[in-house]
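The values are calculated or read from the model by the stated rules, or taken from the named source; none is laboratory data. Predicted, not measured: the structure shown is a model, and the values here were computed from it. With ideal geometry, Cβ positions are generated from the backbone for all residues, glycine too; neighbour counts draw on all protein chains shown.
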Amino acid sequence: MAKSAKQDSQLPPGPTAKFDLHLSSDSFATIESLINQYGDICRIQPVRRKQYTYLVNNPDYIKHILLTNNSNYKKGIGFERVKMLLGNGLIVSDGDFWRQQRRMIQPSFQKSNIALLSGAMCDSNMSLLKEWELKADSGEVINLTEDMSHLALDIILHAIFSQDVERIVELNGGENPFLFFASDATRDLSVVLKFRALSKLIAEIISIRRHDQIDRQDFLGMFMAARDKDTGESMPDKALIDEVTTMIVAGHETAATTLNWTWYLLSQNPKVEQTLHSEVDQLQLRAPSFEDLAKLEYTRQTLEETLRLYPPVWLFTRAAIDEDRLGPYLVPENADIMITPYFLHRHTKYWDDPEAFLPERFSAAQVKARHRFVHIPFSAGPRRCIGDFFGIVEMQIHLGIMASRFSMEYIGDKPPELEPAVNLRSKHSISMIIKRR
């Protein structure tokens with residue numbers, strides 16, 4: 001008689017002690033220790049949950065989970081906290097509802113639409129450019145982390161609402177109601193309540209657009225115009241608002257944290273900075289057009305390498321719906337899966353000198369020769385981040401404008417400390433002396 005899959009399989013190695021893993025500094029250190037001790041797959045028995053947690057750091061296994069057998073894996077532990085903030089948007093939704101929403105939203109992220117939005121990205125950067133010129137001339141130290149947070153927020157708000165950003169400020173008594181989000185790095189209940197209150201303002205903008213029959217070529221306009229291909233119906237207002245709030249959070253934090261780390265890494269790597277300067281100097285101090293971005297190849301590689309070293313989402317989870325196998329190992333029904341891009345991106349089997357900042361790793365030839373699933377800053381498979389191209393474009397535009405005019409000098413006496421929470425931020429703001437080139 002043939003053996004069952006269960007009899008044929010074994011459980012991965014793991015510690016005998018029980019403990020829980022979270023999005024925290026303590027868990028970050030524990031995960032690093034577990035990977036060093038047990039390798040590419042490790043089984044953990046949590047304290048508070050009955051099912052095992054599997055820590056997976058093998059690109060073949062990750063491909064199986066995220067792509068080959070993705071239908072067997074749903075969102076895992078840790079998304080409850082995110083759902084408090086975002087409702088049931090694409091990041092946290094699952095099943096048929098997620099598939100329906102993804103189909104409706106996907107066309108909004110076509111290259112032609114991102115090209116239309118790239119002009120507003122330039123406008124936001126030109127406003128910051130004026131501030132940086134004044135600070136460079138006065139020798140003032142800049143709070144880079146804060147500046148990148150406000151820039152990324154301004155870009156995503158205008159991408160979603162375009163001219164209605166000003167209307168939102170007006171409806172809120174002359175103040176931008178989203179500014180607290182750029183300044184407050186916590187994600188506690190008070191922030192959740194503040195953010196949920198913004199739903200009323202978003203609903204009011206939707207109502208005004210419908211009443212006045214306003215059709216704008218921004219994300220809100222495209223989401224409102226989207227129709228389900230099977231039913232012909234538009235999104236319910238609750239779903240529409242959840243997707244908008246999801247875009248604000250995800251679109252803002254990914255760009256802000258990545259640019260924060262990019263400028264720091266450039267300040268520590270003069271040869272990379274010099275190569276980047278040589279490329280952006282071809283623009284001759286003009287803002288890059290969407291068509292120019294294809295020429296900014298090293299700029300894109302620099303961003304990809306930053307995303308390798310400091311992926312904004314350093315850990316994400318899945319849960320097995322049915323029993324499965326990863327290589328020789330049994331994955332029980334309901335087992336939790338943890339995937340850590342931060343440690344995967346430093347795997348010594350797949351990356352030479354993994355701690356070094358080497359943008360040329362992302363040349364076309366090197367990317368082609370490498371396993372596709374060893375670099376997953378935007379996840380992978382059907383649930384790959386829908387806004388990944390938008391994010392790369394806005395960051396290329398930023399470096400195209402700013403790196404052609406400025407260089408940065410880091411004034412800290414030691415590297416910035418990591419804060420591995422929901423996003424991989426610097427624990428403290430990074431301060432820089434900004435200099436005109």
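Of everything listed in (1) buried (at least 20 other Cβ atoms within 10 Å of the Cβ); (2) modelled with pLDDT of 95 or more, the single unmet condition for D388 is (1). Run down S118, S207 and say which single residue is free of Cβ contacts under 8 Å to residues at least 12 places away in the same chain and out of contact with any Ser or Thr (no Cβ under 6 Å at 6 or more places or on another chain). After ruling out the rest, the residue left standing is S207.
The single condition from (1) surrounded by fewer than 21 Cβ atoms within 10 Å (Cβ to Cβ); (2) not in a helix (DSSP H, G or I) that R425 fails is (1). Please pick out the residue among E394, E417 that is crowded, with 20+ Cβ neighbours inside 10 Å and among the acidic types (D, E). Checking each option against the conditions leaves just E394. Selection over the stretch 324-365 of residues that are more than 22 Å from L21 (Cβ to Cβ) and among the acidic types (D, E) gives a count of 4.
Just one of (1) assigned to a helix (DSSP H, G or I); (2) surrounded by 14 or more Cβ atoms within 10 Å (Cβ to Cβ) fails for N176. It is (1).
Note on the stretch 51-78: among residues that are among the β-branched types (V, I, T) and closer than 17 Å to P382 by Cβ, the one that is surrounded by the fewest Cβ atoms within 10 Å (Cβ to Cβ) is T68. Candidates V331, V367: the one that is out of contact with any helix residue (DSSP H, G or I) (no Cβ under 7 Å at 6 or more places or on another chain) and either in contact (Cβ under 8 Å) with a residue 24 or more places away in the chain or surrounded by fewer than 13 Cβ atoms within 10 Å (Cβ to Cβ) (or both) is V331.
Which residues, counting only those in the stretch 342-353, are outside any loop (DSSP other than H, G, I, E, B) and either closer than 15 Å to K63 by Cβ or of a type in the set (D, E, K, R) (or both)? The one that is outside any loop (DSSP other than H, G, I, E, B) and either closer than 15 Å to K63 by Cβ or of a type in the set (D, E, K, R) (or both): L344.
In the stretch 80-107, the residues that are at pLDDT 90 or above form Cβ pairs under 8 Å with partners that are aromatic (F, W, Y), at six or more places apart or across chains, as follows: M104/F223; I105/F223. Among residues of the stretch 280-303 that are of a type in the set (G, A, S), those with a Cβ under 8 angstrom from a residue that is in a helix (DSSP H, G or I), sequence gap 6+ or separate chain, pair up as A287/C122; A287/N125; A287/M126; A287/I397; A287/G400; A287/I401; S289/S118. Each residue in the stretch 384-422 was checked for being in a strand (DSSP E or B) and of a type in the set (D, E, K, R), and 2 of them qualify. Checked against the criterion of being without any contact (Cβ under 8 Å) to a residue 60 or more places away in the chain and out of contact with any helix residue (DSSP H, G or I) (no Cβ under 8 Å at 6 or more places or on another chain), the stretch 388-407 contains one or more residues that satisfy it.
Quick check, is R425 more than 25 Å from F223 (Cα to Cα), basic (K, R) and at pLDDT 95 or above? No: the conditions fail for R425. Quick check on the stretch 140-151. Is at least one of its residues within 20 Å of the chain's Cα centre (by Cα), among the charged types (D, E, K, R), in a helix (DSSP H, G or I) and surrounded by fewer than 21 Cβ atoms within 10 Å (Cβ to Cβ)? Yes, the stretch 140-151 has at least one match.
In this structure, S4 qualifies as more than 23 Å from the chain's Cα centre (by Cα) and at pLDDT below 90. The single condition among (1) more than 26 Å from S431 (Cβ to Cβ); (2) at pLDDT 95 or above; (3) buried (at least 22 other Cβ atoms within 10 Å of the Cβ) that W261 does not satisfy is (1).
Every condition in (1) of a type outside the set (S, T, Y); (2) more than 22 Å from the chain's Cα centre (by Cα); (3) surrounded by 13 or more Cβ atoms within 10 Å (Cβ to Cβ) is met by E409 except one, and the failing one is (3).
Taken together, the criteria exclude F362 from residues that are out of contact with any Asp or Glu (no Cβ under 6 Å at 6 or more places or on another chain), of a type in the set (A, V, I, L, M, F, W, C) and modelled with pLDDT of 95 or more. Against the list (1) under 26 Å from the mean Cα position of the chain (by Cα); (2) surrounded by fewer than 12 Cβ atoms within 10 Å (Cβ to Cβ), the condition D215 fails is (1).
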